[in-house]
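The values are calculated or read from the model by the stated rules, or taken from the named source; none is laboratory data. Note that the coordinates shown come from a computational prediction; the quantities given were computed from them, not determined experimentally. As a convention, Cβ positions derive from the backbone with ideal geometry for all residues, glycine included, and neighbour counts pool all protein chains shown. Note: accessible area is taken over every heavy atom of the protein model, side chains too, but ligands, DNA and RNA are not part of it. Shrake-Rupley method; radii C 1.70, N 1.55, O 1.52, S 1.80 Å.
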Amino acid sequence: MRWPRRVADLSGLLAISATYVYFLIWAQFGLLARMRSAGLDGAAIRLAMAAMGIAGLSASFAAARLPARRSTVAAGLAGCAAAALGALAARATPDFALAAAAVGAATAVTTVALASALPVLVAPARRGLAVGAATGIAYLICNLPPIFEASPATQAGVAAALCLFAAAMLIRAPRQTVAARPLPLP
């Protein structure tokens, strides 16, 4: 089945939105709230955040060597979902350090893969609009009171579900049928 290019671009828009939602509502807020609700003190939270940062930096360099494909972005999004849901099982500082490292690594792989695969995800003429719209949609989703004020478990579930849905759409979407071309200069 041949999909119109604009419909095919929707999977790229969804991948961008899912990445931002995951980063904003889970990696930056929900995970911290989960650590606090488990009773971790400031030192334990700093340790977990250091693990997240080190894993994220390392995974960023590793992800730069991955192919710029839809499947790479989909794998990163699936990793984000697994990391969010896995973090809900953490109970003590070592568990949270491991969970935070997984969140950092998955976020890094997804963002680097997304940036490198953007030319195959969205047609050049609509790329700016797609990135802007997807980012705005993500901010809207994250600021909806039922999500922003939800428990960390609900935030993890929302982020994971959106990541898995985006990953599935990337896998199902057609390959780019038109070769990427540079935008014409005015």
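How large a share of the accessible area of the range 71-161, in percent, is made up of carbon and sulfur atoms when the probe is 1.4 Å and the other protein chains stay in place?
On the way: 2760 of 3670 Å².
Looking at the range 71-161 in its full context, I get 75 percent from C and S.
Placing unit charges on each Cβ (+1 for Lys and Arg, -1 for Asp and Glu) gives the chain a dipole about its Cα centre, and among 170, 112, 51 the Cα reaching farthest toward its positive end belongs to 170.
For the chain, the solvent-accessible area of protein heavy atoms averages 50 Å² per residue (probe radius 1.4 Å; ligands and nucleic acids excluded).
Taking the average, over residues, of other Cβ atoms within 10 Å as the packing measure, peptides 28-36, 65-73, 137-145 rank 28-36, 65-73, 137-145 from highest down. Label separation (residue 71 vs residue 133): 2.8 nm, computed from points 7 Å beyond Cα along the C-beta direction.
Once the Cβ-Cβ distance between residue 33 and residue 126 is put in as r, and R0 is 22 Å, what FRET efficiency do you end up with, to the nearest 0.05?
Working: r = 36 Å, r/R0 = 1.63.
With R0 = 22 Å, the Cβ-Cβ based efficiency is 0.05.
One chain, two ends: residue 10 and residue 172. Fully extended at 0.36 nm per residue, the span grows by 57.2 nm beyond their Cα-Cα distance. Using the Cβ of residue 48 as centre and a radius below 13 Å, the other residues enclosed give a net charge of +2, where K and R count +1 and D and E count -1. Working note: 222 nm ellipticity from helices only, DSSP H runs with n ≥ 4, each -39,500 (n - 2.57), summed and divided by the residues of the chain, gives -24000 deg cm²/dmol to the nearest 500. For the range 1-159, the calculated P(r) over all alpha carbon pairs, in 5 Å bins from 0 to the bin holding the longest distance, is 2, 10, 18, 19, 19, 15, 9, 5, 2, 1, 0 percent.
Quick check: net charge around residue 133, other residues with Cβ under 12 Å of its Cβ, Lys/Arg +1 and Asp/Glu -1?
Numbers: positive: 126, 127; negative: 9.
Within the 12 Å Cβ shell, the charges total +1.
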